[in-house]
Amino acid sequence: MNCDSKKKYDVAAFIWPSYTGREPRAYQFWEQRIGEWQSVLSAESREEGQILPRKPLWGTVDEADPNVMEFQIKEALRHGVNVFIYDWYWYDRRPFLEQCLDEGFLGAPNNEDMQFYLMWANHDAGYLWDKRQPDVNEIIWFGSQPRSEFDIICRRVTEMYFKRPNYYKIDGCPVFMIYELNNLIRGLSGVDKTREALEHFRCVVKEAGFPGLHIQGVIYSENAVNISGVDAAHEGSSKDLVRLLGLDSVTHYQYIHFADFSNGYEKSLPSVETEFERINNNYNVPYYPHVTVGWDNNPRYPFKKYPIIKDNTPEVFKKALLIAKDYSDRYNEVPLITVNSWNEWTEMSYLEPDDVYGYGYLEAVKEVFCGC
């Protein structure tokens, strides 16, 4: 990090790579060819407590531009964010929205100052990104992938990303996060075959010269899930999946995946602490604590949409950061904290400075993890 701290933390912020006009496959969603900035700019408040649209102080920049990312890397490091987690997609036998990573981040002359790793966002893609028809219940691309495609993905990410000197590793093993465990199992035809596929992935990584692969799963609530991938009668829980698939660690992607924020951000933080402790007591792998900046995805809709996390000021966000820091200090050897997110403007969960709180969220990160 670029700030002074007796203990160094790995503060890893998710990046949603849609803020570019360089992905031709995205024009069907954002025809103005400026990526999802199109939805951000057209957002409007629909009830008390909403502040939309919020305007980025850095402008609606192209985050696939290496000059833009050179600046953002400097600002991230200056405030204690030293890892970017890139949402990474594979649809219809090819990647989607890779430009922000390949051209922007990796093209920046200072990219090796910042570590990064991938979260395979293997959810289905529908019309959510198209504000003209977000309620159309049709799948455009399936996120689940058969073994033949999975093997291609394994070799591609190993060669293109894991071998880079600034790819994030735990105990020398590249970290690869998977967003939808159910979708992974569905595509690979059940838990047993999924575990076989993951073991193959580990072998590919070892053959590339690494001691192994660190597979990280995203967990939601502990509701029953389909652990067969083919038979809905075979149900289990998130911790069952983690054990059966042999994952190495878990984290969250968003608070709203497991907590009720209807009473506001601060009043819901005790339930977050309770969930952290539950996971620590019940899972057989490390949990890397997560912090969410906020949630309001109304910028994606032409009508009012719930839930909305309110009162998520930088001051209250700082309290959430302290909860994650305390958990990390008590339980984890690797001081990794995940944050949603660096730039999720259409979900109102971002660290980038805006016209409402300025640099407030980034300053909160700096105060907690850099001691300044």
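If you go through the stretch 269-315 and keep only what is acidic (Asp, Glu) and surrounded by fewer than 18 Cβ atoms within 10 Å (Cβ to Cβ), you end up with 273, 277, 311, 315. Just one of the numbered conditions (1) farther than 29 Å from residue 275 by Cβ; (2) in contact with a Phe, Trp or Tyr (Cβ under 8 Å, 6 or more places away or on another chain); (3) hydroxyl-bearing (Ser, Thr, Tyr) is not true of residue 168: (1). Filtered by the rule that a residue be in contact (Cβ under 8 Å) with a residue 24 or more places away in the chain and closer than 21 Å to residue 184 by Cα, the stretch 96-126 gives 96, 97, 98, 117, 118, 119, 120, 121, 122, 123, 124, 125. The numbered conditions (1) in contact with a helix residue (DSSP H, G or I) (Cβ under 7 Å, 6 or more places away or on another chain); (2) surrounded by fewer than 19 Cβ atoms within 10 Å (Cβ to Cβ); (3) at pLDDT 95 or above are all true for residue 364 except (2).
Examine the stretch 63-84 for a residue that is β-branched (Val, Ile, Thr), assigned to a loop (DSSP other than H, G, I, E, B) and in contact with a strand residue (DSSP E or B) (Cβ under 9 Å, 6 or more places away or on another chain), and state whether such a residue exists. So far as the stretch 63-84 goes, yes, one or more of its residues are β-branched (Val, Ile, Thr), assigned to a loop (DSSP other than H, G, I, E, B) and in contact with a strand residue (DSSP E or B) (Cβ under 9 Å, 6 or more places away or on another chain). Could you list all residues from the stretch 24-36 that are crowded, with 21+ Cβ neighbours inside 10 Å and charged (D, E, K, R)? Correct list: 36 only. Would you be able to say whether some residue in the stretch 99-109 is out of contact with any helix residue (DSSP H, G or I) (no Cβ under 9 Å at 6 or more places or on another chain) and surrounded by fewer than 20 Cβ atoms within 10 Å (Cβ to Cβ)? No, that holds for no residue.
Note on the stretch 288-323: residues that are of a type outside the set (Asp, Glu) and assigned to a helix (DSSP H, G or I) total 12. Among the residues in the stretch 130-148, are any buried (at least 17 other Cβ atoms within 10 Å of the Cβ), in contact (Cβ under 8 Å) with a residue 24 or more places away in the chain and farther than 29 Å from residue 43 by Cβ? Yes, because at least one residue in the stretch 130-148 is buried (at least 17 other Cβ atoms within 10 Å of the Cβ), in contact (Cβ under 8 Å) with a residue 24 or more places away in the chain and farther than 29 Å from residue 43 by Cβ.
The values are calculated or read from the model by the stated rules, or taken from the named source; none is laboratory data. Remember, predicted model here, so these are calculated numbers, not experimental data. When we count neighbours, we look across all protein chains shown, and the Cβ atoms used for this are built from the backbone with ideal geometry, even at glycine.
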